[in-house]
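Data block below; observations after.
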Amino acid sequence: MERIYTHITGVQGYLPEFVLNNKILEQLVDTSDEWILSRTGISERRILRTKGLGTSDMAAAAVKGLLKKTDTDPSQIDLLIVATVTPDMVFPATANLVCHKTGIKDIPSFDIAAACSGFLYALSTASKFIESGQCKKAIVVGADKMSSIMDYEDRATCVLFGDGAGAVLLEPSTEPLGIQDVILRSDGAGAKHLHQKAGGSIKTPSRRTVAHKEHFVYQEGKHVFKHAVKNMADVSAEIMERNGLTGEDVQWLVPHQANKRIIDATANRMGLEEEKVMLNIHKFGNTTAGTIPLCLWEYEERLKRGDNLILASFGGGFTWASIYLKWAYQANPSSSSDLSLRA
Ligand code: ACO
C-alpha cells in the first residue's frame, strides 16, 4: 500500500493588538529593558486585554483566517485539535468552542495539554488521523492566553510570556513531502520546577489559593533553563541523526520561542547558521503553544516546496519534542501577508 503523508497546506496566525513592551514592564516590576533583552531576547509581547475574550477567541480568529485563505468551507474540516494550557474553561474543551465559533460542526475536536510542546504533540496526533485515512482535512491550533495565568509582580516570569494563536491545515498526499518523522518525550519529575499550584483537582480554588497567587505560573527559571537547553538540543540532534541529515541539509529550524539563548544553543548543536533559524521571540515573547505555528506563519513566504524543517520544543511537564517535515507548498504572497489579522 502506498504511504500517505501529512502535508501542511496552509498556516494562519492571530495576535492581539495591545503591545506590552519592556518599558511598560519597567513600571510594573524591578527590571530593565537591558536585562530582559540580554537574558531572553524579548522586546515586546502581545496581550489580549478585552474583557470576556479568551484563548478560543484568538484560536477562532486564526482558524477563520485559515479557512478563508485556503478557500476551505467549514463543512470540509473533519478534525480540530487545540493545543493549550490556558483553556477558556476546565471543560468543555477549547477545541469544542473554537468549532462553534467558526461554523465547524459535528466533528471530533479536543484539546491537548503539553505546554510549550503542545503544538508538536497535537500536530503529531492529527497526522495519525490523516495517515490512517480517517481524516481528509484537519486543523491544528496552538493557542495560549498566558497573561491569564501571569503574576505581574513576579519579575522573573512575567517578562517572558505573551498571548497569541497559530493554526495549520493538514491534508493527506502520497507525495513524499510533509511530516517525515516525530519524537515526543515527557518527564513528570520536572513538574516541581514549572507548574500552576491551584485550580486543578489536587488544590481546588479557594480564597486562600487566590491570596497566595497559586493560580499563576510558578517557574524556577534556572532549573527549567538547564533542562531546556539540553533536551531541546538533544531531541533536534537525534531526529537529524536518525534521518541522516546534516546542518547543510536543513533549511530551517523552527524552535519554540522561550529564550533566545536556548534557541542559539539548539541551532549551534545542529550546526545551523543564524539565518536558518525562525525567530519572533523579540516581538511576541513566549506564547507557549502558539510560538511554532506563529513562526511558520511569519516565514511562510520564504519557505520553498521541499525545504527541510526541524520543529523543536521544550516546556512544562517537562515535555519536549521534535518533528522533521518537508514543506509542501509555495505560498501565494498576497494571501500570506494579510496583516489585518496580525494585530
Ligand atoms: N529583571 C531583572 N533581574 C531579574 C529579572 C528581571 N526580569 N528576573 C530575574 N532577575 C534576577 C534574579 O533575581 C537573579 O538575581 P540574584 O542573582 O540577585 O538572585 C538574577 O536576575 C539571575 O537570575 P536567574 O534566574 O539566574 O536568571 P537567568 O539568567 O537564568 O534568566 C530566565 C532567567 C530568563 C527565566 C531563564 O532562566 C529562562 O529562560 N528559563 C527557561 C524558561 C523556559 O524555557 N520555560 C519553559 C517554557 S514555559 C512553559 O512551558 C509554560
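The values are calculated or read from the model by the stated rules, or taken from the named source; none is laboratory data. Everything numeric here is computed off the predicted structure, so don't read it as measured data. Virtual Cβ from ideal backbone geometry, glycine too; neighbours counted across all protein chains shown. Heavy atoms of the whole protein, side chains included, go into the accessibility calculation; ligands, DNA and RNA do not. Shrake-Rupley method; radii C 1.70, N 1.55, O 1.52, S 1.80 Å.
Any idea of Glu275's accessible area? Nearest 10 Å², probe 1.4 Å.
Here the accessible area works out near 130 Å².
Scan the chain and report its longest stretch carrying no trypsin sites (Lys or Arg not before Pro) that are both in a DSSP loop and have at most 15 other Cβ atoms within 10 Å. Intermediate results must be reported in sequence, preceding the final value.
On the way: sites that count: Arg3, Arg49, Lys51, Lys105, Lys136, Lys197, Lys203, Lys213, Lys304, Arg305.
It runs 214-303.
Per DSSP helix of 4 or more residues, -39500 (n - 2.57); summed, then divided by the residues of the chain. What does that give at 222 nm, rounded to the nearest 500? Working shown, then result.
Values: 12 runs with 112 residues, N = 343.
Mean residue ellipticity at 222 nm (helix-derived): -9500 deg cm²/dmol.
What ranking of Tyr218, Tyr121 comes out by heavy-atom accessible area, probe 1.4 Å, highest first?
Values: Tyr218 80, Tyr121 50 Å².
Largest accessible area first, the list is Tyr218, Tyr121.
Between Ala189 and Tyr329, how many nm apart are label points set 7 Å from Cα along the C-beta direction?
The answer from the label model is 4.4 nm.
Just to confirm, what accessible area per residue do you get for the chain at 1.4 Å probe, in whole Å²?
Details: 14710 Å² over 343 residues.
About 43 Å² of surface per residue is accessible.
From a point 7 Å beyond the Cα of Glu248 in the direction of its Cβ, which residues of the range 163-181 have a backbone N at a distance under 15 Å?
None, by backbone N distance to the label point.
Specify the inter-centroid distance of the range 245-305 and the range 156-231, based on alpha-carbon positions, in whole Å.
Here the two parts' Cα centres lie 18 Å apart.
Calculate, in nm to one decimal, what Phe91 and Lys226 gain on full extension: separation in residues at 0.36 nm each, minus their alpha carbon distance. Display every interim value, and only then the final one.
Numbers: separation 135, 0.36 × 135 = 48.60 nm, distance 3.36 nm.
So the chain would gain 45.2 nm between Phe91 and Lys226.
In the chain, carbon and sulfur make up what percent of the accessible area (probe 1.4 Å)? List each step's numbers first, then the result.
Details: 7750 of 14710 Å².
Roughly 53 percent of what the probe reaches on the chain is carbon or sulfur.
If you take the charge dipole of the range 5-177 about its Cα centre, with +1 on Lys and Arg Cβ and -1 on Asp and Glu Cβ, which of Ala95, Gln134, Thr157 is farthest toward its positive end?
Towards the positive end, the residue furthest out is Gln134.
Hey, for a label at Leu28 modelled as a point 7 Å past Cα toward Cβ, could you say which residues of the range 138-164 have their backbone N under 18 Å away?
Residues passing the 18 Å test: 144-164.
Could you compute the FRET efficiency for His100 and Thr204, with r as their C-beta to C-beta distance and R0 at 25 Å, rounded to 0.05?
On the way: r = 27 Å, r/R0 = 1.09.
In this case the efficiency is close to 0.35.
Can you check what the Kirkwood hydrodynamic radius comes to for the range 30-177, Cα pairs only, in Å to one decimal? Please report the intermediate quantities before stating the final value.
Working: mean 1/r = 0.0611 Å⁻¹.
It is 16.4 Å.
Reachable lysines from Lys105, Cα under 29 Å, same-chain residues fewer than 8 places away excluded?
Candidates past the 8-residue exclusion: Lys51, Lys64, Lys68, Lys69, Lys128, Lys136, Lys137, Lys145.
What is the percent of Cα-Cα separations in the chain that go past 27 Å? Walk me through the numbers on the way to the answer.
On the way: 23798 of 58653 pairs.
Value for the chain (Cα pairs over 27 Å): 41 percent.
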